[in-house]
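As C-alpha cells, the structure follows; a few thoughts come after it.
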Amino acid sequence: MKPTRGILLATLLFTGAMAGTLRWTEPAAVWPDTAGSETFRQGLVGLTSADDATLWAAWARWDGQVSMAMAARHDGDSWHPPEHIGTGASLLGGLALDHENNPWQVWLRWQGGQWQYVFTRRSADTWTHPAVFFQGDTTPVTTPVLAPHPNQGVQALW
C-alpha cells in the first residue's frame, strides 16, 4: 500500500483471547489532507478512546505560516471532519478523556517571550477557547501529558 499524505491510523486487533496472535489492520486515513499541497507537515500526537468505542485523534498541522492544533472523532463507523482547536501549537502534548468522555488537549506555544502551556476541552459539540494554565521562560524539557483526574477533569504532568 502506497502511503498517502495526511494522518494515518492503524487499529490493533486481538483475534481471540487464547489465540495468542495479533495483527494490524491496513492503515486508514483519518481524514484526507484538507489543505492540499500547502500542508507542509502533519503529525499525529494523540489518540484516545471512550467507553462507547468513540476514538479521538489530535495532531499538529503546519502550513508554512501557522501552526494549528486539530482534532477528529471516529464514532465507530467513520471519521468526522477535523476540528480546528487552536493556533500557535509549537509542540502538542497529551490528549485525554475526562470521566464524562470529553476530550482535553494540551500544547506548548511561544508567545510574548515565554513558553505557554495551553489547554482546551470539548463539551457537547464545542471546543473551549484555548487558555493558558502555566507559563515561563525556561525551555520545556518535555510536552505535557494528560490523564483523567480521579474526581473530575484531567491532570497534567510535565
Practice task
Please specify each residue of region 121-142 satisfying the condition of being closer than 19 Å to TRP56 by Cα and either hydroxyl-bearing (Ser, Thr, Tyr) or touching a strand residue (DSSP E or B) at 6+ places or on another chain (Cβ under 9 Å) (or both).
Solution key: ARG121, ARG122, SER123, THR126, TRP127, THR128, HIS129, PRO130
Handout entry: Hits in region 69-84 - residues which are surrounded by fewer than 21 Cβ atoms within 10 Å (Cβ to Cβ) and under 17 Å from PRO144 (Cα atoms)
Key = none
Problem - Residues (over 16 Å from the mean Cα position of the chain (by Cα) and either among the hydroxyl-bearing types (Ser, Thr, Tyr) or on the phi < 0 side of the Ramachandran plot (or both)) located in region 113-128 - result: GLN114, TRP115, GLN116, ASP125
Completion exercise
Flagged in region 123-158 as surrounded by 11 or more Cβ atoms within 10 Å (Cβ to Cβ), in a loop (DSSP other than H, G, I, E, B) and of a type in the set (Ser, Thr, Tyr), in numbering order, are THR128, THR143
Fill in the blank from the handout: Counting only residues that are of a type outside the set (Gly, Ala, Ser) and surrounded by fewer than 21 Cβ atoms within 10 Å (Cβ to Cβ), region 56-68 contains a total of 5
Exercise for the section: Report yes if GLN135 is within 14 Å of the chain's Cα centre (by Cα) and either of a type in the set (S, T, N, Q) or at pLDDT 85 or above (or both), otherwise no. Expected result: no
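The values are calculated or read from the model by the stated rules, or taken from the named source; none is laboratory data. Just so you know, these numbers come straight off a predicted model, no measurement behind them. Methodologically, a virtual Cβ is constructed for each residue, glycine included, from the backbone with ideal geometry; neighbour enumeration extends over all protein chains shown.
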